[in-house]
Amino acid sequence: MTARILVVEDNPANMKLVSMVLAKGGHHVLQADDAESGVVLAADEQPDLILMDILLPGMDGLEATRRLKTDPLTARIRVVALTAFAMKEDELRIQSAGFDGYIAKPIQYKSFLQEVERWLSESAGPRGPAI
Ligand code: MN
């Protein structure tokens, strides 16, 4: 399944890696290196999935996701956190911001693509399993 995936990530090396893996998986990648442009791009381009870094310059990924989930234009788009945070309190912060789930960094090629495919396959339905 080819999808249009928006990646919001300020670290150039991570952006390059994530974009390369998604492209090799046959997906079309849209890029934003800050949350403000990511939110605008999401509304304009209506991607199938958004992969959102948490720590971003200016607005962070938590606030960006709150905005996406409260705007009727983007509320239905699944937003998955790309995060190195693995602590329980971070998981709760991510969940309460409205993220649909998270993928831990550093990403592993094969499992990353599998997780992305899983989120894409659930995109059309109601909310998936709780994180
Ligand atoms: Mn970052």
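Shape analysis of region 4-123 yields a ratio of the Cα radius of gyration to the Kirkwood radius, Rg/Rh, of 0.92. Helix content alone sets the calculated 222 nm mean residue ellipticity of the chain: runs of n ≥ 4 DSSP H residues at -39500 (n - 2.57) each, divided across all residues, give -13000 deg cm²/dmol.
For the chain, averaging the sequence separation of C-alpha pairs within contact (under 8 Å, six or more residues apart) and dividing by the residue count gives a relative contact order of 22 percent.
Listed by chain and number, the lysines whose C-alpha is less than 28 Å from the C-alpha of residue 88, apart from same-chain residues fewer than 8 away, are 69, 105, 110. Take the chain with all the other protein chains still there, run a 1.4 Å probe, and you get 51 Å² of accessible area per residue.
Comparing 120, 35, 50 along the charge dipole axis of the chain, the residue lying farthest to the positive side is 120, per the Cβ-charge model. Within the accessible surface of the chain, defined with a 1.4 Å probe on protein heavy atoms only, the carbon and sulfur portion equals 57 percent.
The values are calculated or read from the model by the stated rules, or taken from the named source; none is laboratory data. All values derive from a computational prediction rather than experimental measurement. Positions of Cβ are generated from backbone atoms using ideal geometry, with glycine treated the same way; all protein chains shown enter the neighbour counts. Remember, those area values only see protein heavy atoms, side chains included, never the ligands or the DNA or RNA. Shrake-Rupley method; radii C 1.70, N 1.55, O 1.52, S 1.80 Å.
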